[in-house]
1. Once you have the Cα-Cα distance between Glu183 and Ala200, take 0.36 nm times their residue separation minus that, and quote the gain in nm to one decimal.
2. Given a Förster radius of 25 Å and the C-beta distance between Arg155 and Arg305 as r, what FRET efficiency does 1/(1 + (r/R0)^6) yield to the nearest 0.05?
3. Quick one: check the C-alpha center-to-center distance for segment 28-74 versus segment 147-197, whole angstrom.
4. What figure in square angstrom, to the nearest 10, would you give for the accessible area of Trp303 with a 1.4 Å probe?
5. Taking a virtual spin label 7 Å from the Cα of Ala22 along the C-beta vector, which residues in segment 165-179 bring their backbone nitrogen under 16 Å of it?
6. If you stretched the chain out fully between Asp60 and Glu209, how much longer would it get, using 0.36 nm times the residue separation minus the C-alpha to C-alpha distance?
7. Antiparallel as a % of all DSSP beta bridges within the chain, to the nearest 5?
8. What distance in nm lies between label points placed 7 Å from Cα along the C-beta direction at Asp115 and Lys257?
Amino acid sequence: MSSPTMIDLFAGCGGMTVGFAAEGFEPIMAVEWDKAAAATYAANFGEGHVIAGDIAQVADEDIPEADIIIGGPPCQGFSNLGLKNLDDPRNQLWREYMRFVARAHPKVFVIENVDRFSKSPEFQMLLAEADHGALQEYELRFGVLNAADYGVAQRRKRTIIIGSRIGAIELPSPTHDRQPQDESLKRWRTLRDVIAGLPAQPASTELPEGSSQFFGELMPGVFTGLDLHIRRTPTPKSLDRYSFVPPGGGRFDLPTKLLPNCWANKPTGTTDVMGRLRWDLPAVTIRTEFFKPEKGQYLHPQWERGEWAEEFGKHRGNPAKSVDRVITHLEASLIQDFPPNYRWVGTKIQIARQIGNAVPSGLARAIAKQIRPSLDEGASKDVRELDLELAF
Ligand SMILES: C[S@@+](CC[C@H](N)C(=O)[O-])C[C@H]1O[C@@H](n2cnc3c(N)ncnc32)[C@H](O)[C@@H]1O
């Protein structure tokens with residue numbers, strides 16, 4: 001069966017494409033306006049089919065036919081007010097998406113978005129388009145999927161919508177479970193499965209020197225593997241703080257004396273800030289600022305209880321058996337299910353944004369695997385019909 005062709009819109013650094021390519025889909029166009037992200041995509045899948053620019057600037061004539069369109073327009077607004085004003089600029093990106101569907105006329109499209117997407121006016125618009133608008137030909141199936149249920153070592157919930165004009169395609173069933181009740185399911189993959197064995201103390205605080213040209217511009221990179229295993233340089237006070245946080249713990253484990261003022265004055269609220277990951281669970285959702293411990297549960301999972309700190313009235317971690325740092329870019333990329341030899345372009349901050357924005361490839365791959373048989377079936381039916389026509 002020949003490879004189904006695919007367009008990736010809002011492609012980022014290519015997380016979704018990694019999963020679809022693994023199931024034999026052939027990318028023929030990708031659109032992404034963040035140059036560094038587009039360059040990372042290009043470093044892995046080739047530059048020829050990448051448009052590193054605003055989706056609105058892609059001319060109708062340049063949109064090829066394709067078997068499938070993947071990628072979700074970023075969602076700007078969440079409210080239960082409904083869609084009051086179709087000219088609202090927030091809807092611009094959705095109109096662009098519809099334009100691509102109209103021009104490429106894919107058999108299937110896949111939209112991914114944040115888990116709250118079903119509460120957005122954009123979702124209402126999509127349902128209306130499928131009911132009596134531009135997407136009438138397509139049957140929709142949608143739901144919120146957790147990447148951990150598809151073999152990714154991360155709990156990350158995304159709304160997935162599959163639209164198909166070749167018969168409804170159901171969302172893929174989970175392949176993994178926290179505590180599988182039957183043999184058809186595997187146990188969730190854990191942090192230990194994906195980051196154990198990497199050097200506890202990365203050698204460098206910086207990406208290596210070097211730049212490459214993409215889209216006529218010089219950009220930092222290409223980096224891969226241990227190039228991305230970079231540490232930060234926390235202050236002694238920060239290190240002191242990290243040492244009190246056990247796996248699964250967070251800011252509430254800090255001794256009062258070590259609390260930053262903003263937290264001391266706000267005794268309730270977000271619990272996972274300055275949190276420490278756990279070896280034997282999938283990670284929490286990796287966001288774009290995973291390198292800042294104050295933004296979530298991003299401290300390395302290795303910690304063992306050490307001596308009693310009289311001054312603080314708590315146990316510290318044993319420094320010889322604990323790793324007091326945030327996860328590195330390499331670790332975050334592995335948790336996001338990128339292969340260790342994925343090629344990255346950009347500054348530290350740009351690459352972190354690419355990693356945090358991506359769809360984990362394992363989740364994308366599960367969706368691709370679910371869709372592929374319907375496309376293959378459609379293609380062999382087309383061939384049979386063609387044979388019949390030729391026979392007469
Ligand atoms: C959630 S990220 C996509 C992640 C990607 N699907 C992956 O798996 O790696 C959304 C992307 O849309 C891009 N974007 C937003 N507005 C755009 C526009 N007008 N034209 C092109 N790309 C845009 C952003 O730069 C961002 O990289």
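The values are calculated or read from the model by the stated rules, or taken from the named source; none is laboratory data. For clarity, every value in this text was computed on a predicted model and none was experimentally measured. Methodologically, a virtual Cβ is constructed for each residue, glycine included, from the backbone with ideal geometry; neighbour enumeration extends over all protein chains shown. Heavy atoms of the whole protein, side chains included, go into the accessibility calculation; ligands, DNA and RNA do not. Shrake-Rupley method; radii C 1.70, N 1.55, O 1.52, S 1.80 Å.
1. Details: separation 17, 0.36 × 17 = 6.12 nm, distance 3.52 nm.
Result: 2.6 nm gained on full extension.
2. 0.45
3. Comparing the Cα centres of segment 28-74 and segment 147-197, I get a distance of 27 Å.
4. Approximately 40 Å² for this residue.
5. Counting only backbone N, you get 172-177.
6. Extra length from Asp60 to Glu209 when fully extended: 49.6 nm.
7. Working: 26 of 45 bridges.
Looking only at bridges with both residues in the chain, the antiparallel portion is about 60 percent.
8. For the pair Asp115/Lys257, the computed spacing is 3.9 nm.
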